[in-house]
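Read-outs: derived from the displayed coordinates by stated rules, not from any lab. The structure presented is a predicted model; accordingly, all values stated were derived computationally and were not measured. Cβ atoms come from the backbone with ideal geometry, glycine included; neighbour counts cover every protein chain shown.
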Amino acid sequence: MKFKNIRFWASLALVVILTCSFVMAGKAITIKGSDTLLMLGQRWAELYMQKNPGVVIQVTGGGSGVGIAALINGSTDICQASRSMKDSEKKKLRERYFNMGTEIPVAKDGVTIYVNEKNPVDELTLDQIRDIYTGKTTNWSQLGGSDAKIIVYGRENSSGTYVFFRESAMKNADYTSSMQSLPGTAAVVNAVAKDKFGIGYGGAAYAKGVKEVAIKTAKGSFRPTAETVKSGQYPLARDLYWYLRGKPSGEIKKMVAWVLSPEGQEVVKKVGYFTVK
Amino acid sequence: MSKVKVMIFSLAVMMACQTAFAQRSRTAKPDTAVINLQQRMEALTSQVNSLGQELSSAKDQLNKQEQTPVQVVEEKVSAAHDKLAGMEERMLTAESDIGGLKKLKVSGYIQTRFEYVNHDKIDSAANSVDTKADSSWFYVRRGRIKFVYTPSATSQYCIYPDFSKNTVTLKEAWITLSEPWTAMKFNLTMGQMNWPFGVEIERSSSVREVPERSTMSGALFKGERDRGVKLNFTPVKNLGVDLGVYNGYGVDNSTFTWFDPTKPKDVVGRVRYDFGLVALSGSWYEGREKFSSSKDSADHYKGRMGGALEFYHQFLPVGGTGLLAEVVKGESREKEVMGLYVMGIQNIGDKLGLAFRVDSYDPNISSDTTTFNTTAAALEYDQTSNISLAVNYWWDAAVRLTLAVDRTLYHTNMTLAQNPDSQYKTYQDDKITAQMQIKF
């Protein structure tokens, strides 16, 4: 060995030991990501902290894309996502942490089409929905409503719901440039509740003060209910996920088990989503 | 006189006096009463007119008041609508601009280094003596910024310069077309890009756990990039296929800086199957090369075949574990060449990672000598081996600190004049690298 100075090796060992101790130090559990899951995540966190004094959980939104990026760069422990991780995101996670991450479906949802309560339109087909969101259909009279321009509301592209809706309802077509992108599902619901000619989409749990439009398929007309979502009859049914960097361990493992337990899943129903089992 | 008479008389006198007084009054001030009455009448008329005017005024005001709120509200609504329309127009313009910006992704990284080297190897064939020159230096190893523009799902453009070591060089510039019709996801890329061979070549140095690539990759795929065209597709899920046609000289060739003197182009292919925790890949490369720019210089066959293993796992509660291994065997300058490396990575928590790599490259596996290249100015060693140990610490989401130790062994065949004691000798370089990297 040519390195004669033992101080170098001592310094290296010290750096490793100090860093290890820093890494192993305890910290609060952070949950970040989907705005669709924000309400549910907050409710879970509140109840879990009540039942487990001493555990601190911080829940923030920002969108599924933001949450996944935070999971990859290490700034959150749990990512809430309303869509599956993309291959490119999984690749980044594997490059950094040498595992595939862990995907846990924690709830089910039916992406709901909202219109104003005064709007006479009660059901739409997926083709009609796609035509509205691509800008092909621009007037409610083309859909059996009044002669008025359709005001289209949607989510920002960091949202998992934005991605899911484009893939599932729009067959990957581009959104119309006249769509007003809003920063959260609550904002979309609020806009549609005030706008007589508005239309929006978002999680089933947010559909308050607006009318849910049924989606008409060859097998019938379906609204997002526990039955239609679980059976897959509702065409815009989806899983809502928690993503972890690796296998769950420690307090996170306990929390995941509780979230999937009957007690945790009861919260899912109370918030307005559907249980995974 | 009786009382009645007295009373009648008194009454008569009083009436007479009253009449006389009234007559006197009429006679004395006949105009005052009229004037008073006229004045009072005029005053009353004036008051009536005044009241009439006030009433009229009040009516007018009432009418105005009845009309004003409607007009004001209408005006305000109209003004607000105009403002809103203006804001909406500006918002749509801004959204359109931002939408355009979102299509442009800018990323990059900077690596700054301090290196300390115990130098022991022979510098050149012409001056083949031991020149032990220990040295150390600071430098910018990489300063890169990558611009990728994705206007739609069917095309993508990239330009990727490097600003390190006092020069600006183009690392990549390519255009990719993606077909939207099939599930096989065909992507056609043309320009300057990585060779699609093995694992290490395409693995960005921004994520690599040890400071430099293996000796094998440096010798057989110098610069890791070339000019050509590549077709990538996914025939079945988890199976990736790459087929490429390239000049074959790479971006760091000093003789053929951008062109290919051989008429046939080099071809490269790779198949990779991802099982999840394990991924296997096989690569193949075939082409021809010249070593001189003169026209009569002969073509030489150049070929490589390689296999790679990637293994990923997580040992709880420590952290993720990775194992990368790759072997390449080929032919170059009419000699068989071979190289390999094995690298193990162990994360400790989310912040700390350890990496250990052993690699080796032999430019002529059929002989212990390198006589084929004795006329070259730079001496080629019979075999070069490398051992690297690195500690990585992620300071935050963007910054990674690396401390690495490398030991490089050069095995070479000496003439007796150069080394009377032994014909075969191993030289040893040791290097410490302290690196800061920021990635965005």
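What's the Cα-based Rg to Rh of region B:265-316, Rh via Kirkwood?
Numbers: Rg = 17.9 Å, Rh = 13.8 Å.
Rounded to two decimals, Rg/Rh equals 1.30.
Counting partner chain Cβ atoms within 10 Å of every residue's Cβ in B:304-314, what's the average? Before the final figure, lay out the partial values.
On the way: counts 0, 0, 0, 0, 0, 0, 2, 1, 6, 5, 10.
The shielding value for this peptide is 2.
Relative to the longest principal axis of the Cα atoms of chain A, the long axis of helix A:38-51 lies at roughly 50 degrees.
For region A:67-128, what does the alpha-carbon gyration tensor say about shape, rounded, prolate or oblate, given a ≥ b ≥ c as the root eigenvalues, a/c under 1.5 as rounded, and a/b over b/c as prolate? Because a/c hits 1.5 or more and a/b exceeds b/c, region A:67-128 counts as prolate.
Which whole number gives the average, over all residues in B:394-407, of C-beta atoms from other chains lying within 10 Å of the residue C-beta?
Details: counts 5, 0, 3, 6, 1, 0, 1, 2, 0, 5, 0, 4, 0, 3.
So the per-residue partner count for this stretch is 2.
Inter-chain Cβ neighbour count for B:346-352, averaged per residue, equals 6 (cutoff 10 Å, partner chain atoms only).
Using packing as a proxy for protection, rank B:357-363, A:61-67, A:146-152 so that the peptide with the highest average count of other Cβ atoms within 10 Å comes first. Please report the intermediate quantities before stating the final value.
Details: B:357-363: 21.9, A:61-67: 25.1, A:146-152: 15.6.
Top of the packing list down: A:61-67, B:357-363, A:146-152.
One quarter of the surface of the convex hull around the alpha-carbon atoms of region B:191-327 equals 9.4 nm², the direction-averaged projected area.
Assuming R0 = 56 Å, can you tell me the calculated FRET efficiency for the pair A:A28 and B:S366, based on Cβ-Cβ distance, to the nearest 0.05? Mind dumping the intermediate values first?
On the way: r = 62 Å, r/R0 = 1.10.
The computed FRET efficiency comes out at 0.35.
Taking every Cα-Cα distance in region A:194-277 and sorting them into 5 Å bins from zero, the calculated P(r) comes out as 3, 12, 19, 18, 16, 13, 9, 6, 3, 1, 0 percent. With axes computed from alpha carbons, what is the tilt in degrees of helix A:262-271 against the longest principal axis of chain A, rounded to the nearest 10 within 0 to 90? Long axis of A:262-271 versus the principal axis of chain A: about 40 degrees.
Taking the Cβ of B:T150 as the centre, find all other residues whose Cβ is under 11 Å away and add up their charges (Lys, Arg: +1; Asp, Glu: -1).
Values: positive: B:K102, B:K103, B:K105; negative: none.
Value of the local net charge: +3.
With both labels modelled 7 Å from their Cα along Cα-to-Cβ, the B:F138 to A:K91 distance reads 3.6 nm.
In this simple spin-label approximation, A:A148 and B:D396 carry label points 7 Å from Cα along the Cα→Cβ vector, and these lie 4.9 nm apart. Put simply, the amide H of A:L240, placed in the peptide plane, has neighbours under 5 Å in A:V106, A:A107, A:K108, A:D109, leaving out anything fewer than 5 places away on its chain. The translational diffusion coefficient of region B:124-269, from Stokes-Einstein at 4 °C and 1.567 mPa s with a Kirkwood hydrodynamic radius over alpha carbon pairs, comes to 74 µm²/s.
Could you work out how far the C-alpha centroid of region B:266-284 sits from that of region A:111-138, in angstrom? After rounding, the separation between the Cα centres reads 46 Å. On a per residue basis, the convex hull of the C-alpha atoms belonging to the protein assembly as shown measures out at 360 Å³. In whole angstrom, region A:137-188 maps to an equivalent ellipsoid with semi-axes of 22, 14, 9, each derived as √(5λ) from the alpha carbon gyration tensor and ordered largest first. Set the bar at 22 Å for Cα to Cα. Now go through A:K208/A:K269; B:K329/B:K431; B:K103/B:K165; A:K230/A:K253 and name every pair that lies beyond it. Correct reply: B:K329/B:K431; B:K103/B:K165; A:K230/A:K253. Pairs spanning more than 26 Å between alpha-carbon atoms, out of A:K194/B:K64; A:K86/B:K185; B:K102/B:K171; B:K185/B:K302; A:K149/A:K194: A:K194/B:K64; B:K185/B:K302. A convex hull fitted around the alpha carbon atoms of chain A yields 150 Å³ per residue.
Could you tally the net charge around A:K171, taking each other residue with its Cβ under 14 Å from the Cβ of A:K171, Lys/Arg +1 and Asp/Glu -1? Numbers along the way, then the final one.
Working: positive: A:R130, A:K136, A:R166; negative: A:D127, A:D131, A:E167, A:D174.
Around A:K171, the surrounding residues sum to -1.
Mind pulling the angle between the C-alpha long axis of helix A:185-194 and the longest principal axis of chain A? Nearest 10 degrees, somewhere in 0 to 90. Value to nearest ten degrees: 20.
Judged by the mean number of other Cβ atoms found within 10 Å, the most tightly packed of the peptides B:41-49, B:212-220 leads the ranking B:212-220, B:41-49. Between A:N139 and A:K230, the simple label model (points 7 Å from Cα in the Cβ direction) yields a spacing of 4.5 nm.
Evaluated over the Cα positions of region B:195-247, the convex hull gives a direction-averaged projected area, one quarter of its surface, of 4.5 nm². Charged neighbours of B:E179, selected by a Cβ distance under 15 Å, balance to +2 (K, R count +1; D, E count -1).
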